[in-house]
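Reading through the structure tokens given below for one structure.
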Amino acid sequence: MEPKLFDAPVLLAISKELQEKKQTIAISESVTSGLLQFAISNMENAEKFYHGGITAYNIGQKFKHLNVEPLHAMAVNCVSQKIADQMALNVANLFNSDWGVGITGYASASTESGNKLFAYYSISFRQSIQVSGSINAASEPPSAVQLYYTTEVLKKLKEEILKSSNG
């Protein structure tokens with residue numbers, strides 16, 4: 001029996017719409033540590049629309065691979081809406097994809113986060129940010145927080161893909 005980590009109807013809708021519209025997607029993440037890539041890669045016929053992804057935790061890697069602005073990244077510990085936007089836009093460019101998703105944040109409380117759990121996400125389509133925002137999480141174990149962030153971003157992604165035009 002396969003474990004059920006993600007909302008199957010959400011995954012199915014994303015897969016179906018991307019295939020019907022012949023659109024592609026790439027993922028960049030830090031706080032979710034690969035969970036978004038895992039979810040997308042396990043969708044039906046993922047090879048037809050999923051171009052790939054990158055998990056980058058630190059400023060150096062986010063700068064090198066995702067072209068985040070380093071001075072801003074250092075000032076905010078790589079966690080801001082601007083960073084998430086840059087991650088979404090640049091991963092789509094890196095993988096030559098229609099859609100790009102970026103997420104950065106905190107899955108465990110720290111002094112840098114003001115002891116709060118939150119993430120910033122961004123979803124781009126053809127080099128234009130479609131939706132972005134923040135997600136606040138309750139105090140849970142980090143893996144539960146990561147799964148919560150992933151679930152919320154997948155729901156937002158589904159909404160945006162359903163709104164997009166064909167081709």
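No lab work stands behind these numbers, since they all come straight from the coordinates. Small disclaimer: the values here were computed from a predicted structure and weren't measured. Cβ: placed from backbone, ideal geometry, glycine included. Neighbour counts: every protein chain shown.
Kindly express, to the nearest 10 degrees and within the range 0 to 90, the angle between helix 81-94's C-alpha long axis and the longest C-alpha principal axis of the chain. Roughly 40 degrees between the two axes. Between the labelled values (i) 22, 21, 17; (ii) 24, 19, 13; (iii) 44, 16, 13, the entry that holds semi-axes √(5λ) of the Cα gyration tensor in Å as derived from this structure is (ii).
Here the spin labels are modelled as points 7 Å beyond Cα on the Cα-Cβ line, and at Ser113 and Lys4 they lie 2.8 nm apart. Between amide H atoms placed 1.01 Å from N, distances below 5 Å from Trp99 occur with Thr24, Ile25, Ala26, Arg126, all of them 5 or more places distant or on a separate chain.
Taking the longest Cα principal axis of the chain as reference, the axis of helix 8-21 is set at about 60 degrees.
Once the piece of chain linking Tyr57 and Lys16 is laid out straight, how much longer is it, given 0.36 nm per residue of separation minus the C-alpha distance between them?
Values: separation 41, 0.36 × 41 = 14.76 nm, distance 3.08 nm.
Value of the extension gain: 11.7 nm.
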